[in-house]
1. For region 484-569, what class follows from the C-alpha gyration tensor (a ≥ b ≥ c being the square roots of its eigenvalues): rounded when a/c is under 1.5, otherwise prolate if a/b is larger than b/c, else oblate?
2. Could you tell me whether region 320-403 comes out rounded, prolate or oblate from its Cα gyration tensor? Rule is a ≥ b ≥ c as square roots of the eigenvalues, rounded for a/c under 1.5, then prolate if a/b exceeds b/c, otherwise oblate.
3. How far apart, in nanometres, would the label points at residue 485 and residue 388 be if each is projected 7 angstrom from Cα along the Cα-to-Cβ direction?
4. Give me the distance between the Cα centres of region 477-536 and region 424-442, rounded to whole Å.
5. Among 322-333, 148-159, what's the highest-first ranking by average C-beta atoms within 10 angstrom per residue?
6. Between residue 727 and residue 822, what FRET efficiency comes out of the Förster formula 1/(1 + (r/R0)^6) with R0 = 22 Å and r the beta carbon distance, rounded to 0.05?
7. Using only alpha carbon pairs under 8 Å that are at least six residues apart, calculate the relative contact order of the chain and give it in whole percent.
8. Over the chain, what is the percentage of antiparallel beta bridges among all DSSP beta bridges, to the nearest 5?
Ligand code: PEP
Ligand code: MG
């Protein structure tokens, strides 16, 4: 018989796959002797069984009964007992934490009878009815799908009628009325009465949690966070402890270190006389956990000790949920805490300093993609000084963002789809808002604390976040927010500083971030452990300068055609393209030679002793041609030909499929003088630098080659040109000529192509285009559907398609090295900066990757992780 239910005492932290993260940690904390209310976990296997049949199997029901029996014994309470009823919570918990994405039901076991027993037992009628109304709302929402708003509205109405400030003002009589009205909601729904039998409540709750794995917000969250659909969730059933049973009770969330900054100091929030969901849902703005230090120091000390024990045990920052019931501390959950990218870096480094982690382990703790958020711009300090602070909230997630205000997830999403920069402003957020949050530059709420849903999600996504800005009055009906007299309409611009919590009216410009402090230490370590080189794709000295600041090893790809878009260059380029004979090309080429020579000189000079790979021209010609009548007229005048002549010439150059047409080295075969000019420009710069005492080893890269013969032909063109230039000079220049591997045919015949190549560099953009047969410029119309429908796991232009494109790459690496065992091999397409792809490149023996400047730190960390994992296996 399969064991489908485990008591907390039976599990441990290594059983995440089976018990989910929450279940495994509850078991581990039980093992550590920490004060955990007891209970049991239904496994993910039980979830998979349920997903197949949509039934709770007899085997499972039997095991639940047995576990309930044991829980009754340990707790001395029983379901439906008139003396001492057992009350429980039911919570989801997948192997990977998905905060707030699935469901929780508290206070199961209460009904019209047991609520009175509880009132009597605790001598606290208000508490009993408060607990009952919570059960009715949570059960109604999670199990019967009744909108939360329906319940909230009743509470709001009573509070408004009676002029109450908070839920705490509700009297026992009020709560009794609320219970009656909540039960009415059930009657008016098509689901019928609230089930009075605790066992029926429990089983319905278990089903609902299993079902919640498939709800829309959970699916979106998994898609965003690349969490497998196959994991399923476990269900935790746990004896209730009550934070809402009086003034000596409360509930809180604590992080063992500050999740926004990483500072090594207990950080958390506490709500007196409240139940767990109140903190996370941001319904009341909680106090800092520091209040416990002054009000009940022994509890604060206990929390502190627990935090320390857990950190030492898990060797990472922990996020705890605790409840205090009549002065007694209980732990309801511990997990690795979500943190901002800045905090992740600081914590990883501090844990090494504290001797808890090795450098390698610390490197593995930081998500490479998250570094992008650290490289985000900061507000321009001068401009900020000119803006008065509109209001201040809690600095939930650092960063600087400027955008237009939207008040709902749907309008935010729509505005973002239309190309606007969006800031989502709400009273609070709930998991239903996830799509709107994903597209927002910043998330601002008027309620809730540092552990509210909005704060946790903003930090998780690396979005700027300010929460609990209580002076901000958000009115959804009017689509307005206001601070005093100042009104912000939908679409107005505001600026949000997630580091200080300040909000400003209007847009504020930002300045680029730099690498400093902890991040530079982490990247130093990454460099120590990475085997793959990390180069940059840079077309201008400015890009390269940025990449150098990010410590790129050199340039892996300079796309020379991008240098031709400045007006005076474009004109010369057009003259070259439109010319009919080599003679006509000679004059504009001589101008381009001058300009290119100056570009290359500047780049080589900036590079110093770092390597630079220059790719010769690869233009789909149509990109350079004038398109509309006005432009044609202008160009005709500029180059001194008639409009008719120009139009006919443009027509003759038109291609039905330019990306597969006259581009890349095909251009060299038809117009050798263009590549000759570029080689001349490279060598002129090299020789000039040599005269100045700087030795340059130029690497020249040929795009789009598909055969040994073609590569051989172009290589000879290049080497002849170099030989000619060196003929009467008394120096040797150490240069290489390599090919871009971007044609499937070149990959298949890589052993032959390698004979004519000093290096390979994969152009995965074209290679993916040609392997899938997807036009890289037109995928937008269908790719999102493919991903949504699960036909593609990810966009193969962003993350390498291991099975197809990856297999061709592997073949090319192996075949190329059959010919030249030491052949250097790079990747310079978009996927070169993608962490998941980098892991694959490490495995197949790639030498280096090259990516856009801002991806360099990301790629470096990913390369270190890939090598650490590779050598550990
Ligand atoms: C590629 O194809 O991957 C590549 C780097 O070249 P481009 O994007 O310029 O075609
Ligand atoms: Mg290409």
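Any read-out appearing in this document is the output of simple, stated calculations on the displayed coordinates, not a laboratory observation. Computed from a prediction, not measured in an experiment: that's the story for all the values here. Glycine gets a Cβ as well: all are built from the backbone with ideal geometry, and neighbour counts include every protein chain shown.
1. Working: a/c = 4.13, a/b = 1.49, b/c = 2.76.
Here region 484-569 falls in the oblate category.
2. Working: a/c = 2.99, a/b = 1.32, b/c = 2.26.
Note, shape of region 320-403 comes out oblate.
3. 1.0
4. When both Cα centres are located, 16 Å separates them.
5. Numbers: 322-333: 19.9, 148-159: 15.5.
Highest mean packing first, the order is 322-333, 148-159.
6. Working: r = 30 Å, r/R0 = 1.35.
Result of the calculation: an efficiency of 0.15.
7. Relative contact order here is 9 percent.
8. Numbers: 63 of 99 bridges.
Bridges in the chain that DSSP calls antiparallel: roughly 65 percent.
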